[in-house]
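Let me begin by presenting the structure, written as structure tokens, before commenting on it.
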Amino acid sequence: PCSGYGCSTSHHTGYKIMTHVSTMTYADAVAIAGTPSNTSKMPGKSIGLSAFSCKTGAKLAKIPGSVCSKCYALKGFYRMPSVVKANDKREAGLSNPHWIEAMVVIINHSASFAVPEWRWFDSGDIQSMDHLMMIVEVAKRTPWIKHWAPTKELKIIRAYEKSGGVIPSNLIVRASSPMIDQPPVKGHANTSTVSSGVDVKYAGHRCEAYRTDKSGAIVSHEEHHAMDRATKKIRDFGHCGSCRKCWSADIDNVDYLQH
């Protein structure tokens, strides 16, 4: 059963894809779940919550040397009244019984076959077991979308899996190590780490976004390091370019350079 959805079949380049059709409008969906974020440096869109609502992250933010100790989502742009209001609306929407349907509508509206990537949490994190179960259901109802959810809520992930919960193949949940220069956390198929040096310490993939400019060109670390601040601003580094490894189940660990 589709739990109130009608099922239809669409075709694209020869593939048959089952989609869930809703009578909910995009405007209604946004009124429930909030507007998605335009994460311009990476493919697709995202949706976040306030970093102040992070269960684990809020504690880590007070610990020197943690990956959250200099969290970008606790300052600057994220402190603006309009952003705070938007995050409050998204958090309130989690208790709406139609949140799952709303997110399916938003994601189907925001993504495309050319850019099928969706990131959960450009700020914030999983709030509870129920929240994770809702995200899993959204992923199941959007099987053509590649979902990526970085998280530090490791206890919630473990409890979900221990209870028999299964993460669908199109949802990559990356368990993030809480401290800088800490190895990947054990017991998770997909992880992420943050390193302070340029030498790759852990198996997997070293994210090259820090030296990938807005055109998608990747410069060497030496060339990037030698550039002055003005040149870096013009080149506008920090883009994913053509890389999609964060969304790939085949990449066990993604290591990010501390910045």
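The values are calculated or read from the model by the stated rules, or taken from the named source; none is laboratory data. Quick caveat: nothing in here was measured; it's all calculated off a predicted structure. Here Cβ is always computed from backbone atoms with ideal geometry, including for glycine, and neighbour counts include all displayed protein chains. Side chains are part of the model used for accessible areas, which takes the heavy atoms of the whole protein and leaves out ligands, DNA and RNA. Shrake-Rupley method; radii C 1.70, N 1.55, O 1.52, S 1.80 Å.
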- Task: Please go through region 89-128 and pick out each residue that is assigned to a loop (DSSP other than H, G, I, E, B) and farther than 27 Å from CYS240 by Cβ.
- Result: LEU94, SER95, ASN96, PRO97, HIS98, SER128
- Selection from region 233-253 of residues that are more than 17 Å from HIS221 (Cβ to Cβ) and not acidic (Asp, Glu): LYS233, ILE234, CYS240, SER242, ARG244, LYS245, CYS246, TRP247, SER248, ALA249, ILE251, ASN253
- What pairs come up if the first residue lies in region 25-42 and is within 24 Å of GLY216 (Cα to Cα), the second is assigned to a loop (DSSP other than H, G, I, E, B) and open to solvent by less than 40 Å² (accessible area, probe 1.4 Å), and their beta carbons are under 7 Å apart, counting only those six or more places apart or on different chains? SER37/GLY48; SER37/ASP122; THR39/ASP122; LYS41/GLY238; LYS41/HIS239; LYS41/CYS240; MET42/CYS240
- Query: What pairs come up if the first residue lies in region 93-116 and is over 14 Å from HIS147 (Cβ atoms) and touching a residue at least 24 places away in the same chain (Cβ under 8 Å), the second is open to solvent by 20 Å² or more (accessible area, probe 1.4 Å) and assigned to a helix (DSSP H, G or I), and their beta carbons are under 7 Å apart, counting only those six or more places apart or on different chains?
  - Reply: GLY93/ILE32; ASN96/ILE32; HIS98/ILE32; TRP99/ILE32; TRP99/MET134; ALA102/ILE32; VAL105/TYR26; HIS109/TYR26
- Residue check, ALA73 under 28 Å from GLU208 (Cα atoms), small (Gly, Ala, Ser) and in contact with a Gly (Cβ under 8 Å, 6 or more places away or on another chain): yes
- Go through ARG235, ARG244 for me and flag whichever is open to solvent by 70 Å² or more (accessible area, probe 1.4 Å) and farther than 19 Å from GLY197 by Cβ. ARG244
- Query: Within region 202-227, how many residues are over 17 Å from GLN258 (Cβ atoms) and assigned to a loop (DSSP other than H, G, I, E, B)?
  - Reply: 9
- Could you tell me whether any residue of region 76-88 is touching a residue at least 12 places away in the same chain (Cβ under 8 Å), in a strand (DSSP E or B) and touching a Leu at 6+ places or on another chain (Cβ under 9 Å)? no
- Taking region 43-62 and keeping residues open to solvent by 50 Å² or more (accessible area, probe 1.4 Å), assigned to a loop (DSSP other than H, G, I, E, B) and touching a residue at least 12 places away in the same chain (Cβ under 8 Å) leaves LYS55
- Message: Among the listed residues ASP213, ASP228, identify the single one that is modelled with pLDDT of 95 or more, open to solvent by less than 40 Å² (accessible area, probe 1.4 Å) and farther than 22 Å from PRO64 by Cβ.
- Response: ASP213
- Note on the structure: If we ask which residues in region 133-185 are touching a residue at least 60 places away in the same chain (Cβ under 8 Å), surrounded by 20 or more Cβ atoms within 10 Å (Cβ to Cβ) and among the hydroxyl-bearing types (Ser, Thr, Tyr), their number turns out to be 3
